[in-house]
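Accompanying notes for the structure given below.
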Amino acid sequence: MNSKVLLVLAVLVLVALGVALVVLQQKAPPSAPPANQTQQPSPGPVNQTPSTKPPANQTQQPPAGEGITLYVITRHEQTIQDLTRTMFLSSSVAKKYNIKNIVFLPINAEQWPDYIKNAAQKGQGIDVAWGGGPTLFNLIDDMGLIEPIDLDKHPEFKIVMDEVAKLPKTIAGAETYKVGSDGKIHWIGASVSSFGFTVNRDLLNRYKLPMPQRWADLGNPAYAVTLPALQLVGIADPTMSTSNTRIFEIILQAYGWDKGWRTLTLIAANSKIFSGSSDVRDAVIRGDIAIGTTIDFYGYTAQQQNPSCLYIIPPGESIVNADPIAILKGSRHPEAAAAFVAWVLNETGGQLVWLDPNINRLPINPRVFDTPQGARRPDLKKALEDVINAGGIAFNESLSSAWVTAVVDYFKATLVNAHDDLQPVWAQIVKAYRDKKITEAQFQQLVTQLTDFVTFTDPLTGQQTTFTLDYAIKISPKLASDPSIYQRLMNDWTSAARAKYLKVQSLLKQMTGG
């Protein structure tokens, strides 16, 4: 190859490199949110200081002329997010208010306050909060993060009030919206929730096990016969599931503090602990477990997908919730946010989302059952009637708000972190009793010690104490705000629980001579 050919080739290569460089420099950054925005972030340790900086690009305004992007912080799962986005963006409401996109922010519940505040302080305020239960919404409302429906300040919020007028004031004794001390509505229920457990009848029949009816039944020694090899009951880690947190709180309020924690301990001892409530539901549907604690719509979905599944509300031991939606302070588009909230509440809008056979939630607006789509879901209409007629406890939301952080953290430390010590000891106790190696009195003694509160040093006083109701209320705000107190108590509670379970195991060995 002569020198002229080599020279020509070299020139061609240099020209190609130059063109590529120009193209790269001129390529515009994307103006749309990244594709993975609506994916659940990887969970970190509960109550440790979370990253509260909004993810890059998530809170950026779209370029001029492209319309409004609404940002919605939510605890709703992907199925609800996807269908809502599709239906809303194709609606006349979205077109009227020039809303071109909705970005859902599926943030863990304990990170909501800092996440919302951080975004607002940067002028990148989140527009709407949706789903997660009254306790979470009362918490952020107490922090002043919710924008009340004040028509004097925001006349454009009238469209929300027009939809609220269609709702019953209460459902099964539960308020469908919250009126603050200022006399204004702060949040509105977008759907109705009950709480219970879903069973797989095929699996119960296979192992000749009884059908549970009450919360306490989930701690029945009968469900421990296959432990530790096979766990037949399933619950979710409360740090990862607001619905299971609410279930555990219901048990505490239904049974009282002492009996409630003993019940929770035995339920956890029987259970496989899943990272999320949808995992519990799916395990029941597949037949991996026989019983799982679920919110109602997970139970209805299980019934649709597997006819052997049945959702049960413990008679007189559950509650009905209105699952909230609210406009947030610092919203960059309050009028568009109000339009979205009103659409969610409307019987021809967002209330139709709940009727989807893959979602199966109970609508807050009864008029949805008068629509053609509602007429095709008589099962959901009957489910709502059953919930209303089931009866339940008078749930104290103020008490829940006061204790919830401590309840979640104590559960996490003593029943989740120490679970690999709790469950084997419980299995050994049940086996010894079934094999008649211990008496009924000895069995009860072991159960009492297994379910006792741990003793620990209070970091505030330096005194030895136990986890009383008063202590839970006192320490709850400290756990939420002081990482050093949180970490110390989590370590102490976990260590004390492990020591307690091993002590009970040692006592069992003394009783059996093993």
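Being under 22 Å from L232 (Cα atoms) and touching a Lys or Arg at 6+ places or on another chain (Cβ under 7 Å) holds for only one residue in A418, A432, and it is A418. If you go through the range 195-213 and pick out every residue that is of a type in the set (S, T, Y) and more than 27 Å from L384 (Cβ to Cβ), you end up with 1. Among the residues of the range 282-291, some residue qualifies, meaning at least one is outside the structural domain of D141 (by TED's automatic domain parsing), part of a helix (DSSP H, G or I), free of Cβ contacts under 8 Å to residues at least 60 places away in the same chain and of a type in the set (A, V, I, L, M, F, W, C).
Figure legend. Inter-residue proximity from the range 80-91: first residues under 13 Å from W130 (Cα atoms), second residues part of a helix (DSSP H, G or I), beta-carbon distance below 6 Å, spacing 6+ or different chains. Indicated pairs: T84/V353.
Residue-wise test of (1) closer than 28 Å to F274 by Cβ; (2) among the β-branched types (V, I, T); (3) within 24 Å of the chain's Cα centre (by Cα).
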| position | (1), (2), (3) |
| --- | --- |
| Y410 | yes, no, yes |
| K436 | no, no, no |
| Q445 | no, no, no |
| T465 | no, yes, no |
| A480 | yes, no, yes |
| N491 | yes, no, no |
| G513 | no, no, no |
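Return the only residue of L227, L252, L209 being at pLDDT 95 or above, over 24 Å from the mean Cα position of the chain (by Cα), buried (at least 21 other Cβ atoms within 10 Å of the Cβ) and among the hydrophobic types (A, V, I, L, M, F, W, C). When all the criteria are applied, what remains is L227. Against the list (1) part of a helix (DSSP H, G or I); (2) in contact with a Lys or Arg (Cβ under 9 Å, 6 or more places away or on another chain), the condition Q373 fails is (2).
Here L218, L204, L167, L151 are screened, and the one residue that is outside the structural domain of I102 (by TED's automatic domain parsing) and surrounded by fewer than 21 Cβ atoms within 10 Å (Cβ to Cβ) is L204. Only one of the numbered conditions (1) in contact with a Ser or Thr (Cβ under 7 Å, 6 or more places away or on another chain); (2) crowded, with 21+ Cβ neighbours inside 10 Å; (3) closer than 22 Å to V284 by Cβ is not met by V199, and that is (1). Residues in the range 226-235: is at least one closer than 20 Å to I313 by Cα, of a type outside the set (V, I, T) and in contact with a helix residue (DSSP H, G or I) (Cβ under 6 Å, 6 or more places away or on another chain)? Yes, there is a match, as at least one residue in the range 226-235 is closer than 20 Å to I313 by Cα, of a type outside the set (V, I, T) and in contact with a helix residue (DSSP H, G or I) (Cβ under 6 Å, 6 or more places away or on another chain). Across the range 376-399, the number of residues qualifying as outside any loop (DSSP other than H, G, I, E, B), without any contact (Cβ under 8 Å) to a residue 24 or more places away in the chain and surrounded by 14 or more Cβ atoms within 10 Å (Cβ to Cβ) comes to 1. Looking only at the range 278-325, residues that are polar (S, T, N, Q), at pLDDT 95 or above and crowded, with 22+ Cβ neighbours inside 10 Å come to 2 in all. Just checking, does the range 328-339 include any residue being surrounded by 19 or more Cβ atoms within 10 Å (Cβ to Cβ), under 21 Å from the mean Cα position of the chain (by Cα), at pLDDT 95 or above and of a type outside the set (G, A, S)? Within the range 328-339, one or more residues are surrounded by 19 or more Cβ atoms within 10 Å (Cβ to Cβ), under 21 Å from the mean Cα position of the chain (by Cα), at pLDDT 95 or above and of a type outside the set (G, A, S). Consider A432 carefully, then state whether it is surrounded by fewer than 16 Cβ atoms within 10 Å (Cβ to Cβ), over 28 Å from the mean Cα position of the chain (by Cα), of a type in the set (G, A, S) and outside any strand (DSSP E or B). For A432, the condition - surrounded by fewer than 16 Cβ atoms within 10 Å (Cβ to Cβ), over 28 Å from the mean Cα position of the chain (by Cα), of a type in the set (G, A, S) and outside any strand (DSSP E or B) - is not met.
Selection of first residues in the range 463-481 that are within 24 Å of K259 (Cβ to Cβ) and of second residues that are modelled with pLDDT of 95 or more and of a type in the set (D, E), restricted to Cβ pairs under 7 Å at least 6 apart or on distinct chains, gives the following pairs, ordered by first then second residue: T465/D458; L479/D409. Can you confirm whether the range 170-192 contains a residue that is assigned to a loop (DSSP other than H, G, I, E, B), surrounded by fewer than 16 Cβ atoms within 10 Å (Cβ to Cβ) and either of a type in the set (S, T, N, Q) or not assigned by TED's automatic domain parsing to the domain that holds D82 (or both)? Yes, the range 170-192 has at least one match. Listed conditions (1) within 25 Å of Q253 (Cα to Cα); (2) in the same structural domain as G132 (by TED's automatic domain parsing) are all met by S400, apart from (2).
The values are calculated or read from the model by the stated rules, or taken from the named source; none is laboratory data. Because the structure is predicted, anything quoted here is derived from the model rather than measured. Cβ coordinates were reconstructed from backbone atoms using ideal geometry, including for glycine residues, and neighbour counts include every protein chain displayed.
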